[in-house]
Amino acid sequence: MCGIVGILGKSAVASDLVDALRRLEYRGYDSAGIATVEGGRLERRRAEGKLRNLEKRLIEEPLAGRTGIGHTRWATHGRPTERNAHPHMTNKVSVVHNGIIENFRELRTKLEAKGHRFDTDTDTEAVVHLITDELNKGNDPVAAVGRALDHLQGAFALGIIFAGEDDLMIAARKGSPLAIGHGTGEMYLGSDAIALAPFTDAITYLEEGDWAVLRRSGAEIYDRQGTRTERPVIKAVASSLLVDKGNYRHFMAKEINEQPEVVSHTLANYLDMATAQVRFPDLGLDLAQISRVTISACGTAYYAGLVAKYWIERYARVPVDIDVASEMRYREAPLPENGLAVFVSQSGETADTLATLRYCKANKQRIASIVNVRTSTIARESDAALPTLAGPEIGVASTKAFTCQLSVLACLAIAIAKARGAITKEQEIALVTALTEVPRHIAAILRQDEIYLSVAQELAKARDVLYLGRGSSFPIALEGALKLKEISYIHAEGYAAGELKHGPIALIDENVPVIVVAPEDDLFEKTVSNLQEVAARGGQIILISDAAPEKAGCTPAAHIQMPKIDSFIAPLLYAVPIQLIAYHTAVQIGTDVDQPRNLAKSVTVE
Ligand code: F6R
């Protein structure tokens, strides 16, 4: 994941910028750079690879200047070369950026037509030229950034400095986190407080949609409507400077809110954003020749695998066998020639998943694992380890790891479909484009705080809750029920919506909330029929859908409005409201959200 730092210092800042970047190394990166305002001009040094290469450059060509920004880049748009490394700049402005600018191609075409010359393959450079364009029109830096932000689509964080402005830095947050650090006569910027620990423990976390104008005397913060606003300065505690809870009450809330950023980084690892095509690593077997995909995992990771079954069978037309690892390891399942076995695990240490992996390996399957901890046993024992770039997940209930697992599995489904000729190039572009829009949609879903709180207030009174979904929404219903029971201790069950009438409908009465995961896809009408069966028996429906409640033919107790999207990406988006509902319900009840009773983060026993 990329890292951002910025310093408005009292003396030269280059070495402090590198120190701050070093504290962000844990996020992973493949190039780095810094830029400063030196004698009114913007100067920069960048290097491929590790920070020591940048330090070497700085010894050869030192950089003066009291105002600077720095970046560790995890390549998304364009290869990890020095040319593509941040900061990007013109002679007027320099920018560091995390996240994805979705409409960069469109912006680039327009700006090139106006005579702007682009030097890199990155999406970030469109931001640099957009701001330069506004400056060329005579806008001052603050107005230029304000106007440029209105044109940017996607989820991102930005740090910006200007030629001729020794006491100015602008920061913007939309989907990717940013923290401001307050010093005495100095100000700092970081993608998290960890980067700023050596300088200050007085931290302001920007909220979604905020942008800030930093000068040595302090920060002016504006909300997404452009209204001047105040955000608290909090004291970061020492322990938080290793794994930081930010200004969230629980790690789980922080991790849910990190999803626009971590999903965008994970997707960028498997997609070529510039061409809107999949760029999947070699798994050591010809994807066109796969006879069957066998998926195994536990808990939440298993539900991610279950979504993948729908994707791979539908788009790649390959049969998928899936089972929870604790069953599969003893099932003695016959495995085919040319079989691909996929294991999904956040920790990479889950004992049942590891045992199943070994069984599949012994039975000559090609082993691919989707893991968050890259050094884990499951990663090491796989033929191909496919990382999720979720960063450390501390909350016991898995959230961001789940959507990152889905991100990798979606790319895998497209890669297999492409290799087998099951989708056209146009279909591939459409699916990849839909995926690149996921971070922005998640950021919008996260903003609807009030509805999740009011649903949670009702759920907190319930004894039993049902979750329904069809097709790829069925695993999301299962995941919703799991999230709720593990952190709120309320009994919950997920069902395939069509299965309701075969038994569970007996449970429905006016005391049972029924959460229906119902994107308006080709199965929507079928789900609506099941929903009416619930309504007819007095069940309290909570509808999560992009369709208006009238279309569902009922008056739900609550309606969580979802964006209109390609149904392919629905599981990635509908996962978020069910996480938030569970989270707020647990907070309402007062359970230990991050460490619920009886649960462990990594289950290394049978
Ligand atoms: C649920 C949860 C668990 C894990 C399961 C597998 O919120 O976190 O169900 O998903 O224990 O763990 P990993 O992914 O580490 O193999």
Considering only Cα-Cα distances, which of the following residue pairs are longer than 32 Å: LYS110/LYS400; LYS10/LYS92; LYS501/LYS564; LYS485/LYS564; LYS364/LYS418?
LYS110/LYS400
First check a/c for the stretch 422-496, with a ≥ b ≥ c the square roots of the eigenvalues of its C-alpha gyration tensor; if it is under 1.5, answer rounded, and if not, answer prolate when a/b is larger than b/c or oblate otherwise.
oblate
Which of CYS298, GLY40, ILE370 sits farthest toward the positive end of the charge dipole of the chain, with +1 on the Cβ of Lys and Arg and -1 on the Cβ of Asp and Glu?
GLY40
In nm, to one decimal, how far is the LYS361 label point from the SER15 one, both placed 7 Å along Cα→Cβ?
4.7
Karplus-derived HN-Hα couplings along the stretch 182-194 (A = 6.51, B = -1.76, C = 1.60, θ = phi - 60°), whole Hz, x at Gly and Pro:
9, x, 9, x, 9, 9, 9, 9, x, 5, 8, 5, 4
Using +1 on the beta carbon of Lys and Arg, -1 on that of Asp and Glu, and nothing else charged, what's the dipole of the chain about the Cα centre, debye to 20?
820
Residue by residue through the stretch 588-595, what is 3J(HN,Hα) from phi via Karplus (6.51 cos²θ - 1.76 cosθ + 1.60, θ = phi - 60°)? Round to whole Hz and write x for glycine and proline.
4, 6, x, 7, 7, 4, 7, 9
Quick note, the stretch 443-589: a/c under 1.5 would make it rounded; otherwise a/b > b/c is prolate and the rest oblate (a ≥ b ≥ c, C-alpha gyration tensor); here it is rounded
Cα gyration tensor shape for the chain, rounded if a/c is under 1.5, else prolate or oblate:
prolate
Choose one of TYR222, PRO141, ALA202: the residue whose Cα lies farthest towards the positive end of the charge dipole of the stretch 122-231 (beta-carbon charges +1 Lys, Arg; -1 Asp, Glu; about the Cα centre).
TYR222
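As a footprinting exposure proxy, order THR67, THR275, THR585, THR120 by other Cβ within 10 Å, with the fewest listed first.
THR275, THR120, THR67, THR585
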Express the relative contact order of the stretch 443-589 as a whole percentage, based on alpha carbon pairs under 8 Å and six or more residues apart in sequence.
31
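For the stretch 347-424, which trypsin sites (Lys or Arg not before Pro) are in a loop by DSSP, counting at most 16 other Cβ atoms within 10 Å?
Answer in residue order: LYS364, ARG374.
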For ALA113 paired with ARG597, estimate the spin-label separation in nm (one decimal), with each label point 7 Å from Cα along the Cα-to-Cβ line.
6.4
Electrostatic dipole magnitude of the stretch 443-589 [Cβ: Lys, Arg +1; Asp, Glu -1; Cα centre; debye, to 20]
200
Need the full-extension length gain, GLU450 to HIS502, defined as separation in residues times 0.36 nm minus the C-alpha distance. One decimal, nm.
15.2 nm
Just want the ordering: GLU533, GLU428, from fewest to most Cβ atoms lying within 10 Å of their own Cβ.
GLU533, GLU428
Residue separation times 0.36 nm, minus the C-alpha to C-alpha distance between ARG79 and ALA274: what's the value?
69.1 nm
Cα centre as origin, Lys/Arg/Asp/Glu Cβ charges: the stretch 108-160 dipole, Debye:
180
Between GLU520 and residues 5 or more places away or on another chain, which pairs have amide H atoms under 5 Å apart, with H built 1.01 Å from N, and which residues are they?
ASP546, ALA547
Which Cα, out of MET562, PRO549, PRO475, lies furthest along the positive dipole direction of the stretch 443-589 (beta carbon charges, K/R +1, D/E -1)?
PRO475
Return the sequence-ordered ³J(HN,Hα) values of the stretch 552-558 in whole Hz as given by the Karplus equation 6.51 cos²θ - 1.76 cosθ + 1.60 applied to θ = phi - 60°, using x for Gly and Pro.
7, x, 8, 10, x, 5, 8
Tell me, SER264, SER217, SER94 in order of fewest to most beta-carbon neighbours within 10 Å?
SER217, SER94, SER264
Mind checking which lysines have their C-alpha under 16 Å from LYS56, skipping anything on the same chain fewer than 8 residues away?
none
Kindly provide the helix-only [θ] at 222 nm of the chain, computed as the sum of -39,500 (n - 2.57) over DSSP H runs of four or more divided by all residues, to the nearest 500 deg cm²/dmol?
-10500 deg cm²/dmol
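Just so you know, all these numbers are worked out from the coordinates, no wet-lab data involved. The shown structure was predicted, so the numbers you read here are calculated from the model rather than taken from an experiment. Note: ideal-geometry Cβ built from the backbone for every residue, glycine included; neighbour counts use all protein chains shown.
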